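Below: the structure, in structure tokens.
The values are calculated or read from the model by the stated rules, or taken from the named source; none is laboratory data. This structure is a prediction, so every number in the text was calculated from the model and none was measured. Cβ coordinates were reconstructed from backbone atoms using ideal geometry, including for glycine residues, and neighbour counts include every protein chain displayed. Ligands, DNA and RNA are excluded from the accessible area calculation, which covers all protein heavy atoms including side chains. Shrake-Rupley method; radii C 1.70, N 1.55, O 1.52, S 1.80 Å.
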Amino acid sequence: MDRIVVLSGAGLSAEQGLGTFRDKGGLWRHYDLGDVATPQGFARDPDLVHRFYNARRANMRAAAPGAAHDALARLSQRPGITLVTQNVDDLLERAGARDVIHMHGELARALCHACGARWDAPARMAPTDPCPRCTARHTRPDVVWFGEIPHHMDRIEAALARADLFVSIGTSGTVYPAAGFVEMARTAGAQTLELNLEASGGRFDAIRKGPASQLVPNWVAEVLRQ
Ligand code: APR
């Protein structure tokens, strides 16, 4: 297997305490995503949105990468690997992973709605923060909200078109375009593998069920032995 595309979701970081969205106790059980993960919600109540992401940013900074993040970091040193994540946490980078493609943005980064400037987010953001470049008071977390276009799609689709293997880790496969990656990989002739606590229902050639902290290091060890 020369060219491997790996897609991860919240299940990759769940055991590090960062939670998921749709599992029991998930974030979308406690917040209306329309209030905190849409441009409309941000326009309505930017203070609520900043408080939501400030709390998630604090959780992220208090968390540490786990065995699954460490394993993917090792894998990322191998040629031919494309690491795509829906996650906005920085645990893969902190584990030493190279060139992580954050298609839903990054909690550790901030964005100016007015001029498009990006910078490292402070621990706590507020609606009154001025943009460091244009000073407009219209800064937001650099994450992709529902209704917005995910980042790096050209690069991701090009990698899927050439993949020999597509591996989906810890995602429910409910949010597009990521949910369509397995079909794109199959169409390109790639083998497909799911590593998840439960099968997501996607059309995978193989499914391994269990926690990412066990499945991912075992799978990476198999790949690196090849
Ligand atoms: N190990 C492996 N998989 C796990 C674990 C674990 N320890 N714990 C949970 N999972 C799996 C669940 O079985 C489920 O398939 O993680 C997945 C979590 O699903 P979601 O909560 O829907 O998270 P995700 O698929 O990442 O959501 C996709 O939706 O809300 C948006 O932008 C948000 O990026 C997110 C996107």
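Could you pull out every one of the helices (runs of 4 or more DSSP H) wholly within region 1-65 that has 1 or more residues that are open to solvent by 20 Å² or more (accessible area, probe 1.4 Å) and either in contact (Cβ under 8 Å) with a residue 40 or more places away in the chain or assigned by TED's automatic domain parsing to the domain that holds Leu165 (or both)? Let's see the steps before the verdict.
Working: elements: 27-30, 33-36, 39-44, 46-62.
The helices (runs of 4 or more DSSP H) meeting that bar are 33-36, 39-44, 46-62.
Ala67 satisfies every condition listed in (1) under 20 Å from Pro141 (Cα atoms); (2) in contact with a Pro (Cβ under 9 Å, 6 or more places away or on another chain) except (1).
Does Ile149 satisfy being within 30 Å of Thr192 (Cβ to Cβ) and open to solvent by less than 70 Å² (accessible area, probe 1.4 Å)? First the steps, then the outcome.
Values: within 30 Å of Thr192 (Cβ to Cβ): yes; open to solvent by less than 70 Å² (accessible area, probe 1.4 Å): no.
No.
Could you check, for region 187-205, whether at least one of its residues is in contact with a Gly (Cβ under 8 Å, 6 or more places away or on another chain), polar (S, T, N, Q) and open to solvent by 30 Å² or more (accessible area, probe 1.4 Å)? There is at least one residue in region 187-205 that is in contact with a Gly (Cβ under 8 Å, 6 or more places away or on another chain), polar (S, T, N, Q) and open to solvent by 30 Å² or more (accessible area, probe 1.4 Å).
Which residue out of Arg133, Arg124 is open to solvent by 40 Å² or more (accessible area, probe 1.4 Å), out of contact with any Asp or Glu (no Cβ under 9 Å at 6 or more places or on another chain) and in contact (Cβ under 8 Å) with a residue 40 or more places away in the chain? Just one listed residue meets the conditions, Arg124. For region 66-97, taking the residues that are closer than 22 Å to Ala185 by Cβ, more than 16 Å from the ligand (Cβ to nearest atom) and part of a loop (DSSP other than H, G, I, E, B), the one that is least open to solvent (accessible area, probe 1.4 Å) is identified as Ala97.
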